[in-house]
Ligand SMILES: CC(C)(COP(=O)(O)OP(=O)(O)OC[C@H]1O[C@@H](n2cnc3c(N)ncnc32)[C@H](O)[C@@H]1OP(=O)(O)O)[C@@H](O)C(=O)NCCC(=O)NCCS
């Protein structure tokens, strides 16, 4: 996906993050999960926001990239919020669209 721009903008990264988050909450007792990126990549910020991650931290002018300086952005979701929007996570069922089966 990262290397094939014909696959961008179809919701694949959002689906992948949703599945990964669901899987981690189902198999670990983590209180929360973070999604860290930087302001120069608005697509990655959108990928975090769409499944329900909320911006919780912004470190201003923290990262240089391609001749510009960007903020470091951290979005997070606590377990309770994830469960409230997705119900009980399972290792074999996705939260949201799709019907992808994961092998632990
Ligand atoms: C960033 C990346 C992983 C996103 O994957 P994707 O499958 O295209 O993402 P999705 O289709 O699930 O969602 C993309 C979201 O970003 C938005 N978006 C895409 N390009 C954007 C841009 N230039 N500016 C603002 N938003 C943008 C889309 O509109 C969409 O959000 P929306 O549905 O709310 O409008 C992919 O574009 C990619 O691999 N990019 C190049 C490499 C990279 O940046 N990798 C990540 C850092 S290592």
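For every residue, the table says whether it meets (1) loosely packed, with under 14 Cβ neighbours inside 10 Å; (2) out of contact with any strand residue (DSSP E or B) (no Cβ under 7 Å at 6 or more places or on another chain); (3) assigned to a helix (DSSP H, G or I).
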{"position": "15", "(1), (2), (3)": "no, yes, yes"}
{"position": "23", "(1), (2), (3)": "no, yes, yes"}
{"position": "29", "(1), (2), (3)": "yes, yes, no"}
{"position": "37", "(1), (2), (3)": "no, no, no"}
{"position": "43", "(1), (2), (3)": "yes, yes, yes"}
{"position": "51", "(1), (2), (3)": "no, yes, no"}
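Within the stretch 53-64, how many residues are within 16 Å of the ligand (Cβ to nearest atom) and touching a strand residue (DSSP E or B) at 6+ places or on another chain (Cβ under 7 Å)? Residues in the stretch 53-64 being within 16 Å of the ligand (Cβ to nearest atom) and touching a strand residue (DSSP E or B) at 6+ places or on another chain (Cβ under 7 Å): 5 in total. For residue 85, which of the numbered conditions (1) under 15 Å from the mean Cα position of the chain (by Cα); (2) modelled with pLDDT of 95 or more; (3) part of a helix (DSSP H, G or I); (4) loosely packed, with under 14 Cβ neighbours inside 10 Å fails to hold? The one condition residue 85 does not meet is (2). What number of residues within the stretch 2-34 satisfy the criterion of being within 11 Å of the ligand (Cβ to nearest atom) and at negative phi? Summing the residues that are within 11 Å of the ligand (Cβ to nearest atom) and at negative phi in the stretch 2-34 gives 15.
The values are calculated or read from the model by the stated rules, or taken from the named source; none is laboratory data. Computed from a prediction, not measured in an experiment: that's the story for all the values here. No Cβ is skipped: glycine too gets one built from the backbone with ideal geometry, and neighbour counts run over all protein chains shown.
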